[in-house]
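Working notes for the structure below.
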Amino acid sequence: MNYSEAMEYIQSFTKSGGRVRDLSRAEGLMEKLGNPHKKLRFVHIAGTNGKGSVLELMSQSLINAGYKTGQFTSPYMRVYEDRIRINSQNIPQEAVAKYCSEVAEAAGEEQYSQFEITMGIAMLYFAEEKCDIVFLEAGIGGLFDCTNIIEKPIVSVITSISLDHTAVLGRTVQEIAIQKAGIIKRECPVVISWDNRSVLQIFQKECIFKDSLLIMPVAEEFENAETDIEGGHFEYNGVQYNLKMHGRHQIINAATAIKALEVIEAEGFETGEKNIQKAFSEVQVLSRVELLKGNPDIIIDGGHNPAGISALISSLESMNIIRPVFIFGMVSSKDAQSAAMLISAYARAVICVDGFSPDAIDRNELASLFTCEKYVSKPEEALTLASMTAKNTPVVICGSLYMTELFRKFAEEKIQKNETEN
C-alpha cells in the first residue's frame, strides 16, 4: 500500500462508522494490532473548546524539555498527517502507508470509523518510535470516544464545556459533562478547567466514585492577568508567563495546562519553568484567534459554537478591535442562530459564505439570521468584498474549522499580492 492507496482506504470509512454503544470495537482493533497503546504513557484531553490549545501548550513544554513527544489531534488543519505528530513534525507519508497497511489487514470487514483507523495508525507509529509521552485529544465526547481505551493516563484533562454535538452528547451542559467525565480513570488525577464550575459537582462525584484526585485551578492563583494585542499575560507562583495566543480564554487554558504539567512533573518528567515559559510565548495554534498582518489585517478563528464565538469576540475586544467585518460560514449541525445573534451585536458587517463543506448552511439562509449589515458571497470572492467593506478595520473569518484552511490560502495569497504591489 502506498500513500495514495492509504488515503483512499481511510476515506472509504465514514466519519462515525457503525453505531457505538461501548469501546469494544476500538479495543478489538487495538488487540488485533498488538495493543501498541499499552506501550505508551498518555495525557488524555477532552472538552468542548480549548482542547487543541491546552494540548499544544503542554506538549511544547515537554518538547522544549527534550522529551520525545507524541501529539494526536482532531481534525487535521492543513493535511491529514498533521493530526499525528512527534515533536510537532507530521508523520511522514511513507509511515502513513506502512501503518495503514497493518491497520487494514487487522480491520477486515468491520465498519470502523475514519477516526478509529487513524488512531490505529497513530498508536503503531508512536509505539514504534518509542515516544516518552503522548498527548491524546479526544474526538467527540469522552465516555465512548475511541481514545478512551487507554487505561491509566498520567493525568486526564477536561477543558471548557459548552453546548456542541448535542445530537450525540446531550442537549444540556450537564449531559455533555457526564460524557466528558467518562475519561476520568480510577486512581488517576484529573485537571478541570476553572470555567467548568457550573458542572463541578458532576466531576466531583465521578472522582469520588473512582478514587481520583480532582484538581481545578482558581482565578486567585493567577495574578495580574491581562490580555492585549500582544497576547495574554499573568503570574503564577511569582513567575511571569506571556502567551502568544490572544484572549482571556487562553489564560484559562494556560492555567489548566500549568496544573496538568505539575502532575506530569510529579510523575518524573523534568519539564522546567523556563521550558514552560518558552512554550507559552511561542505556541500559536492554527485558527485560534490567528492574526495575519496585511492590508487589511485578517484574523482567522475556528470558533464554531456560541461559546467559541463569545470567546472570539472577547479576544477581539482585548485586542482593541471594534466593529470588524466578519466572513462567516457554518455547518448545519451547529447553532447558527445563537452565533448570528452574538456577531450581529458586534460586527460592522457580515459576509455569509457556503460551499466549503457538503453540509454548509446555504449562504442566503445564513444571512437571514443576522440583524447587522450583511452580504452573501462565494468563498473565493468574500475577501475582496470584505476588504472593500472593512474601512481600515480587520477582517475576521470564523464559524467552522472546515473553512479556515480554505480562507488561510486566500488570505496568504492576498497578503502576498499586496506586498508585491507595494
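The values are calculated or read from the model by the stated rules, or taken from the named source; none is laboratory data. Because the structure is a prediction, the values reported are computed rather than measured. In this analysis, Cβ positions are derived from the backbone assuming ideal geometry, glycine residues included, and neighbour counts consider all displayed protein chains. Note: accessible area is taken over every heavy atom of the protein model, side chains too, but ligands, DNA and RNA are not part of it. Shrake-Rupley method; radii C 1.70, N 1.55, O 1.52, S 1.80 Å.
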field: Protection proxy ranking, peptides 122-134, 85-97, average beta carbon neighbours within 10 Å, highest first
entry: 122-134, 85-97
- request: Quote to one decimal, in nm, the extra length available between Ser357 and Glu235 on full extension: 0.36 nm per residue of separation minus the C-alpha distance between them.
  value: 39.7 nm
query: Leaving out ligands, DNA and RNA but keeping every protein chain, what accessible area does Ser310 have, in Å² rounded to the nearest 10, with a 1.4 Å probe?
result: 50 Å²
query: Given (i) 70, 56, 40; (ii) 58, 51, 40; (iii) 58, 53, 44 as candidate values of Cα extents along the principal axes in Å, which corresponds to the one derived from the coordinates?
result: (iii)
task: May I ask you to derive the FRET efficiency for Ser368 and Lys391 from their Cβ-Cβ distance with R0 = 25 Å, giving the value to the nearest 0.05?
output: 0.50
query: Taking the DSSP beta bridges in the chain as the whole, what percent of them are antiparallel, to the nearest 5?
result: 40 percent
- line: Taking the dipole of region 339-422 about the Cα centre (Lys, Arg +1; Asp, Glu -1; charges at Cβ), the one of Pro379, Cys398, Ala345 that reaches farthest to the positive side is Ala345
field: Radius, Kirkwood style, for region 307-389 when every pair of distinct Cα atoms is counted (Å)
entry: 12.9 Å
statement: Note: region 319-358 at 10 °C, 1.306 mPa s; Kirkwood Rh on alpha carbon pairs; Stokes-Einstein D in µm²/s works out to 142 µm²/s
- request: For region 60-116 and region 173-227, write down the distance between their C-alpha centroids in whole Å.
  value: 28 Å
query: According to a simple spin-label model (label point 7 Å from Cα along Cα-to-Cβ), what is the distance in nm between Asn320 and Lys244?
result: 2.3 nm
- prompt: Between Lys293 and Glu273, how many nm apart are label points set 7 Å from Cα along the C-beta direction?
  reply: 3.1 nm
query: Mind listing which GluC sites (Glu not before Pro) in region 194-265 are in a DSSP loop and have 15 or fewer other Cβ atoms within 10 Å?
result: Glu230
- request: May I ask for the percentage of alpha-carbon pairs in region 14-163 that lie more than 20 Å from each other?
  value: 44 percent
field: Candidate aspartates and glutamates - alpha carbon under 18 Å from Lys274, same-chain residues fewer than 8 apart omitted
entry: Glu56, Glu235, Glu262, Glu265, Glu282
task: For the pairs Lys15/Lys409; Lys98/Lys130; Lys130/Lys278; Lys68/Lys259; Lys68/Lys185, note any where the Cα-Cα span goes beyond 19 Å.
output: Lys15/Lys409; Lys130/Lys278; Lys68/Lys259; Lys68/Lys185
- prompt: Roughly how many nanometres apart are two label points built 7 Å out from the Cα toward the Cβ at Ser344 and Glu151?
  reply: 5.4 nm
- prompt: Once fully extended, how much extra length lies between Gln111 and Glu27, figured as 0.36 nm per residue of separation less the alpha-carbon to alpha-carbon distance?
  reply: 28.9 nm
statement: Shape descriptors of region 281-422 over alpha-carbon atoms, Rg and Dmax in angstrom, are 13.8, 43
task: Using only the alpha carbon atoms of region 169-306, find the Kirkwood hydrodynamic radius as the inverse mean reciprocal pair distance, in angstroms to one decimal.
output: 16.8 Å
task: Might you tell me the accessible area per residue for the chain, computed with a 1.4 Å probe and given in Å²?
output: 43 Å²
query: What part of the accessible area of the chain, given as a whole %, is carbon or sulfur when the probe is 1.4 angstrom?
result: 47 percent
Viscosity 0.692 mPa s, temperature 37 °C, Stokes-Einstein D of region 1-81 from Kirkwood C-alpha radius, µm²/s: 209 µm²/s
